[in-house]
Amino acid sequence: MAARETETYDCDVLVIGGGLAGTWAAIGAKDYVDDVMLVDKAKVSKTGASTFAAGAMLAPQVGDDLDVWTKEILDRGNYVGDQDWIEVILHQQPKIIDELETWGVEFERDKQGKLARTVGRAHTSTQILMFHGPQFMHVMRKQVATSGIPLVERVMITDLLTSDGQCPSKGCIVGAVGFDVRSGAFQVFRAKSVVLAAGGVWGDSQCARNLTGDGIAMGYRSGAEICGMEFAHPSEGWVFDRKYKVQGMNLWQGAGMYLVNAQGERFMEKYSPVLKERAQKAELHLAVAKECVEGRGPVYIDMRHFKPEVWDRFRRVLPNFMRLAEVLEPWKRRIQFDFGTGAINAAPAGIKNNIFSETNLPGLYVAGQVSGFPGHGTYSVGGFNLAACCVGGRRAGAHAAQYSKTRASAEITTDQLERLEESVYKPLSLKNGITPAALNIKIKEVAGIAESLFRSEKGINTILNGLARIKAVLPTLAARDYHELMRANELKNYLACLELIYRAALERTESRGPHCRVDHPYRDDIDWLKRVILRSAGDGNVAMRLEPIPVYRYSGKPEKFERVSPAVPPPEVK
Amino acid sequence: MAIQSVNEELCSGCGTCVDNCPMDVFRMDEKANKAFVAYPEDCAVCYMCEKDCPEGAIILTPDAAEKMVFPFG
């Protein structure tokens, strides 16, 4: 076999991941330094969660009472959100929206031609704008190109490079390595600073099946601190009729969808009497699951009462969903509604960072889902993610650029390069191992059980033991070609994220947001206004620490510090 | 299920689907100058290939490509 080709790049700031946060990070960095590069494993404008977002973005405007907005976001995020981040996002987002409009992003408008705002998931005072689906990311791609930022596409970054050559590292981040998923060439990036924006642990959900937590996993391996993992929603993929994956929930919620159980009861009225079907994501998930587990399933979604103008708006804002709707005709019939598990929306989970997007590793900045959206709490209101991608992305890029100016050069170590190259390509050398597709099903069968939603010490240990068995099979993971090699490396990352989720879930002995402990069925505001922070201790071990959340200085806090019943109590199984 | 095929009669070999697919399921048959579905099991049913194909050559159905696991009922 001929020697493998290696391509080497040098830059000031390397942005990994080309969704909304990554493109903003690249643009934000370019304001301060010339040499910015953006790398993505697929194609910018066609990839990432933002391409398939439900067209909803949180949008404060001049004149809104931002103190009310802040308190609402903290409340809906179950008081584990970072108020400093919320304030930064709310104050900077109006300017971002002005810029997006100038660049050509299409938003819905009212009859007077002004930006139309509405409510969707869990909004009372807070409001969202509606943008036109995939068009948004086409504009972002154009803007990156206009700024003169080179794109390196179809390159999967697999690991970060560290100044001491170690993983986990006590040094700083000096670049990254990966491979071209078509030619197979090894890719080496020397960078004075890195913005990780390749987040999202979505498993097989919706349109974004390649969101496998690559950013979180590679950060973890390099020694970055991870938090919020227990709040990763253990279910994301909304499924119609048990075979069609769908997206756009935020806007169906805003348009007034009904969820009914097999007895025809609108059950969300029991669990969330005020917001009903517009409740937080976690409450919807847990309520649907509880209805089914307690024998009142299946659950149906009913949109038959939507007016024709709502469907017209969806045709503009949610073109992908409407393509399916033309087949399923939800205006004529109610549809069985489920979610698959083993798919995860890790919006509140990621690499710990401060309001300058800095992590515990010098030179490593995070944005988008890798950052875990620190203001989001357990997943507060719809559209917060996208606002955080814009504001947080730009800030991560800007701060990474300023840091890069303090570094003379990025020195990488040869032996780390050799070690990482060997590990990345290893699945290619195995001919009779397990295929990525087969391993993926095994992972889903272990992590997709009811205990992933309704958690107990015993259930979590069952999942962790199952994951450990799969981890033991990893060395035999085989790939036939470079495309499969990408899938193999993705699964390695996905498995690492799942393990972190259930490690953190075992530690948090209370119920909050999507984290529902049947053996601790209360939100404990006395002992658990804390973050669970995980870090690689090397040798496959996870180090853990707890950090209090400084709620004492926040304007939004629980009425009383006590144990309260969650909105959706664990199911009663007969 | 999901992506089925590229209609050979209609495909002009422009490569749009190969270039765009977020899941990288297409490859180009260089000899025939036609795109084909190389990794059907990876399709995420995002409809982007269908929407962007200038010849209307993409054949897909809206149901998911992969086995789904449901935690209850």
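The values are calculated or read from the model by the stated rules, or taken from the named source; none is laboratory data. Owing to the predicted nature of the structure, the values given are computational and were not obtained by experimental measurement. Glycine also receives a Cβ, built like all others from the backbone with ideal geometry; neighbour counts cover every protein chain displayed.
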Verdict on A:Met137 being buried (at least 19 other Cβ atoms within 10 Å of the Cβ) and within 14 Å of chain B (Cβ to nearest Cβ): yes
Of the criteria (1) within 26 Å of the chain's Cα centre (by Cα); (2) more than 16 Å from A:Val181 (Cα to Cα), which one A:Asn489 fails: (2)
Residues of the range B:36-73 satisfying the condition of being modelled with pLDDT of 95 or more and within 7 Å of chain A (Cβ to nearest Cβ): B:Tyr39
Given (1) crowded, with 22+ Cβ neighbours inside 10 Å; (2) within 14 Å of chain B (Cβ to nearest Cβ); (3) basic (Lys, Arg), index of the condition A:Arg395 fails: (2)
Selection within the range A:367-393 - out of contact with any Ser or Thr (no Cβ under 7 Å at 6 or more places or on another chain), over 11 Å from A:Asp82 (Cα atoms) and hydrophobic (A, V, I, L, M, F, W, C): A:Val370, A:Phe384, A:Ala387, A:Ala388, A:Cys390, A:Val391
Every pair of residues 6+ apart whose Cβ atoms lie under 6 Å, when the first sits in the range B:21-35 and is within 11 Å of chain A (Cβ to nearest Cβ) while the second is among the acidic types (Asp, Glu): B:Met23/B:Asp42; B:Val25/B:Asp42
Filtered residues of the range A:405-457 (kept if farther than 30 Å from A:Glu484 by Cβ and either in contact (Cβ under 8 Å) with a residue 40 or more places away in the chain or surrounded by 13 or more Cβ atoms within 10 Å (Cβ to Cβ) (or both)): A:Lys405, A:Arg407, A:Ser409, A:Ala410, A:Glu411, A:Ala450, A:Glu451, A:Leu453, A:Phe454, A:Arg455, A:Ser456, A:Glu457
Total residues in the range A:43-65, condition crowded, with 19+ Cβ neighbours inside 10 Å and over 15 Å from A:Gly392 (Cα atoms): 14
Candidate set from the range A:175-194 (those that are in contact with a helix residue (DSSP H, G or I) (Cβ under 8 Å, 6 or more places away or on another chain) and among the aromatic types (Phe, Trp, Tyr)); member that is nearest to the other protein chains (Cβ to nearest Cβ): A:Phe179
A:Trp69 vs. criteria in contact (Cβ under 8 Å) with a residue 12 or more places away in the chain, farther than 30 Å from A:Leu324 by Cβ, under 17 Å from the mean Cα position of the chain (by Cα) and part of a helix (DSSP H, G or I): no
Residues within the range B:1-20 that are more than 22 Å from A:Met137 (Cβ to Cβ) and within 9 Å of another protein chain (Cβ to nearest Cβ), tallied: 1
Strands (runs of 3 or more DSSP E) lying entirely in chain B (those with 1 or more residues that are of a type in the set (D, E, K, R) and over 10 Å from the mean Cα position of the chain (by Cα)): B:26-29, B:34-37
Matching residues in the range A:210-247 - criterion: being touching a Phe, Trp or Tyr at 6+ places or on another chain (Cβ under 8 Å) and either within 17 Å of A:Gly18 (Cβ to Cβ) or among the β-branched types (Val, Ile, Thr) (or both): A:Leu211, A:Thr212, A:Gly213, A:Ile226, A:Val239, A:Val246
Test: residue in the range A:262-277 that is under 24 Å from the mean Cα position of the chain (by Cα) and within 14 Å of another protein chain (Cβ to nearest Cβ): no
Count of residues meeting criterion [within 14 Å of chain B (Cβ to nearest Cβ), assigned to a helix (DSSP H, G or I) and more than 20 Å from A:Glu230 (Cβ to Cβ)] in the range A:417-443: 7
Residue in the range A:33-52 that is touching a residue at least 60 places away in the same chain (Cβ under 8 Å), among the charged types (D, E, K, R), outside any helix (DSSP H, G or I) and over 19 Å from A:Arg209 (Cβ atoms) present: no
Some residue of the range A:291-298 being within 13 Å of another protein chain (Cβ to nearest Cβ), surrounded by 24 or more Cβ atoms within 10 Å (Cβ to Cβ) and either at pLDDT 90 or above or under 30 Å from A:Glu451 (Cβ atoms) (or both): yes
A:Gly175 being within 25 Å of A:Glu358 (Cβ to Cβ) and either aromatic (Phe, Trp, Tyr) or surrounded by 18 or more Cβ atoms within 10 Å (Cβ to Cβ) (or both): yes
Subset of the range A:451-484 that is within 14 Å of chain B (Cβ to nearest Cβ), in a helix (DSSP H, G or I) and within 23 Å of the chain's Cα centre (by Cα) - its residue that is farthest from A:Val288 (Cα to Cα): A:Ile463
